[in-house]
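> Please find one structure pasted underneath; my questions will follow.
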Amino acid sequence: MANKSEDNGAILGFEEKLWKMADKLRNNMDAGEYKHVVLGLVFLKYISDAFEEKYYELKNDPDADEEDPDEYLAENIFWVPPETRWENIKKNAKLPTIGQIIDDAMVAIEKNNRILKGVLPKNYARSELDKTSLGELIDLFSFKIGDKEGRSKDVLGRVYEYFLAKFASAEGKGAGQFYTPQSVVKVLVEILEPYRGRIYDPCCGSGGMFVQSKKFVEAHQGRAGDIHVFGQESNSTTWRLCRMNLAIRGIDGNIGEHHANSFHNDLHKSLKADYILANPPFNIHDWGGERLVEDIRWKYGIPPVNNANYAWIEHMIFHLAPSGIAGFVLANGSMAANTNAEYEIRKNIIEADLVDAIVTLPSQLFYSAQISVCLWFITRNKAARGHRARKGEILFIDARKLGYMEDKIHRNFSDEDIQKIAGTYHTWRGETNTGEYKDIKGFCKSSKLEEVREHEYIITPGRYVGLEDIEDDGELFEDKMEQLTAELAEQFAKSRKLEDEIRENLKGISYEI
């Protein structure tokens, strides 16, 4: 089996302990509500650690003023007022008023750091939040997560992602609207390769696409400043979660001054993005399409009012730059949806040669649901991408057999799985030195538009890649069947013998009631 990804599978050792302690806070609160309480506390510890380290560094410098906010802002460290510092929080952890103390700290931090205005949770004083458990959780934060060493190891990021994954699992169905498994995001990023330019996510959730894009740039010795992030999120609490996530990662992203619906209040109307990465909520029925029948974005057809999947597709095409590329997650049904509206849109974007690649993913990758999903890759100008234009062709990849079971119900991709998918795409594009692309039965196929037309514009990879060849071991079919029959007869005989032995042992045994 391929090695598991270190980032995907490895944890630092204390995440599970933290999670178990944080879970005590839930009490009568649902996961969607208390995740903001817990992650807000994690955020507070992070900025306090970073501040404290710089504070003592400045205190030992005779030419510096450790109480000057500008000294911290110059190094992208949030200014933390005295009463809000972790030392003060921990000192009061056992007081029944600890909830109000944290609320006041959040207010003070927002007041002193404009970028955080309206972002931090301020609901720790609520009656349903157990203050004893809250104090115990504060005491548990005995380790540093925001100092230089912690930042270099991305301790906070890993704790944050671990918690997001746990919350997604705990929340169930609705969680998929804000959390996309890291391995799925990696596949998108490794294919798009967003080295520099404008990156857009119209339904950005907690910001995972942006975080992974920054990691990709840094892993390839690029400059994080070369990418410019634009996003939008309709859920107010998830929007705040994204703002916190970007802040702790040092990503200066434009996700709007408030939450907003991308269909009805597009905050980036004039944006033409070089890269679009997204995981839109699947099959949304009440998206308000009846109010947007004549919208300028519907160049390839008016999407149905009872399903937003194709509205998302056209929205993203509208926001693509002339040489831009989009990669996004959709439910498998999108590849063969046969309502008149969806069929016409799919036909039109295929005939416009916008569809670059389609990848079907294995089940059980998502925490929120067992729905099967696929990845779409759309580009406005295939000739502008890579060394080989591949005009009039679509790459189909069936990745349903890849991945490993991380536990009994969740599947994950190894780094090798991710590279197999991305590498196949880049070889197909002629962008690597790994040789010529070749179709592989059961896995990948490059198909001309003529073939897609024959399939009535259904773009499910299984229709094109076929079944993988089974190696012939030279044994005749009749011989194999004879051997199988003999093995079954042997197993049946053993079962009958065991049954007879059990009956013999039970003879003469009486039972008392």
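Bear in mind these aren't lab numbers, they're just calculated from the coordinates by the rules spelled out. Keep in mind that what you see is a predicted model, and the values were worked out from it rather than measured. Methodologically, a virtual Cβ is constructed for each residue, glycine included, from the backbone with ideal geometry; neighbour enumeration extends over all protein chains shown.
> Set the Förster distance to 25 Å, then compute FRET efficiency between LYS299 and LYS391 from the Cβ-Cβ distance, nearest 0.05.
With a Förster radius of 25 Å, E is 0.80.
> Quick one: if the Förster radius is 41 Å, what FRET efficiency do LYS272 and ARG126 give, using the C-beta to C-beta distance and rounding to 0.05?
Given R0 = 41 Å and the Cβ-Cβ separation, E is 0.40.
> Label HIS285 and GLU66 with points 7 Å out from Cα along Cα→Cβ: what is the distance between them in nm?
About 6.1 nm, to one decimal.
> OK, next. At 7 Å along Cα-to-Cβ for each site, give me the label-to-label distance between HIS264 and ASP439 in nm.
Rounded to a tenth, the inter-label distance reads 4.7 nm.
> Using R₀ = 35 Å, calculate the FRET efficiency as 1/(1 + (r/R₀)^6) where r is the Cβ-Cβ separation of ALA383 and SER236; round to 0.05. Spell out each step's value before the answer.
Values: r = 42 Å, r/R0 = 1.20.
For ALA383 and SER236, the calculated efficiency is 0.25.
> Shifting gears a bit: Show me the ranking of peptides 285-298, 92-105 by mean Cβ neighbours inside 10 Å, starting with the highest.
92-105, 285-298
> What list do you get for MET106, MET244, MET209 if you sort them by fewest beta carbons within 10 Å?
On the way: MET106 21, MET244 24, MET209 28.
The order, fewest Cβ neighbours first, is MET106, MET244, MET209.
> A follow-up question, please. So how do MET405, MET335, MET316 line up by other beta-carbon neighbours within 10 Å, fewest first?
Taking fewest neighbouring Cβ atoms as first place, the list is MET405, MET335, MET316.
> Cut-off is 10 Å between beta-carbons; in what order do TYR437, TYR464, TYR310 appear when sorted fewest neighbours first?
By the 10 Å Cβ count, ascending, the order reads TYR437, TYR464, TYR310.
> If packing is taken as the mean number of other Cβ atoms within 10 Å per residue, what is the order of 70-79, 228-237, highest first?
Details: 70-79: 14.7, 228-237: 20.3.
Descending packing order for the listed peptides: 228-237, 70-79.
> What spacing in nm lies between the two simple spin-label points modelled at GLU149 and TYR195, each 7 Å away from Cα in the Cβ direction?
3.6
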